[in-house]
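The values are calculated or read from the model by the stated rules, or taken from the named source; none is laboratory data. This is a predicted model, so every value here is computed, not measured. With ideal geometry, Cβ positions are generated from the backbone for all residues, glycine too; neighbour counts draw on all protein chains shown.
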Amino acid sequence: MCKHAIVEQVRQVAEQSPDSVALIGTAKTFTYQQLIELIDSYRERFRVLPVERFAIDLENGPAWAVIDLALMAANKISIPVPAFFSQQQLNHLLKDAAVEWLLTTTPERYAECEGISTESFELCGEHIQLIHFKRAVHLLNASPLTDLDDLGDTVKITYTSGTTGEPKGVCVGAKAIVDVVRSIALRTAVTADDRHLSV
């Protein structure tokens, strides 16, 4: 399964129905053509960075969707950061997944971490900070998820709260994501006129 299967599906819809609505945010609506242009633009920004793992700490919305799909298209791994994580759980996630870069609208959550804010930008109406962690090289040596070759088609590492302060990361491959999307589409008989609410 190609890691880009989902992005290519978006591209196909953009070619067939460029003006169809893809995403509706609180401030703006995005067509499939606008979405694929944003994905391609950010794919190039992420592709040239010499790192593999990006944590995403954003609200559900268009900016998250664009970044997640752009990382997938750039062959990078995204690590969603749950908003409800305690500081202990947050620190564990960053170390366990050997997070090298973080995209966030809440940099204050990471005040205790050794990071350098290298860039900030506007995307889909959100002011996003890109933070590089200075200690990423040391963290890679301590992480059980160090060898990217062993991660196969992994495009995402997800964490749940668990019962301790040390939640476990689960590697999710592109094929698994595509299979779930197809299954949901079949079960719900979704059409192009339907909308999905992300909460």
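Laid out as a table, the results:
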item: Selection status of Leu103, under 27 Å from Glu166 (Cα atoms), within 15 Å of the chain's Cα centre (by Cα) and crowded, with 20+ Cβ neighbours inside 10 Å; result: yes
item: Residues being surrounded by fewer than 21 Cβ atoms within 10 Å (Cβ to Cβ), charged (D, E, K, R) and in contact (Cβ under 8 Å) with a residue 40 or more places away in the chain - total across the range 44-67; result: 2
item: Count of the range 170-199 residues which are surrounded by 10 or more Cβ atoms within 10 Å (Cβ to Cβ), of a type in the set (Lys, Arg) and without any contact (Cβ under 8 Å) to a residue 12 or more places away in the chain; result: 1
item: Residues that are at pLDDT 80 or above and more than 16 Å from Ile79 (Cβ to Cβ), drawn from the range 177-193; result: Val178, Asp179, Val180, Val181, Arg182, Ser183, Ile184, Ala185, Leu186, Arg187, Thr188, Ala189
item: Verdict on Thr105 being farther than 25 Å from Arg47 by Cβ and either among the hydroxyl-bearing types (Ser, Thr, Tyr) or at pLDDT below 90 (or both); result: no
item: Filtered residue count, the range 59-98, keeping only those that are under 24 Å from Glu112 (Cβ atoms), of a type in the set (Lys, Arg) and modelled with pLDDT of 90 or more; result: 0
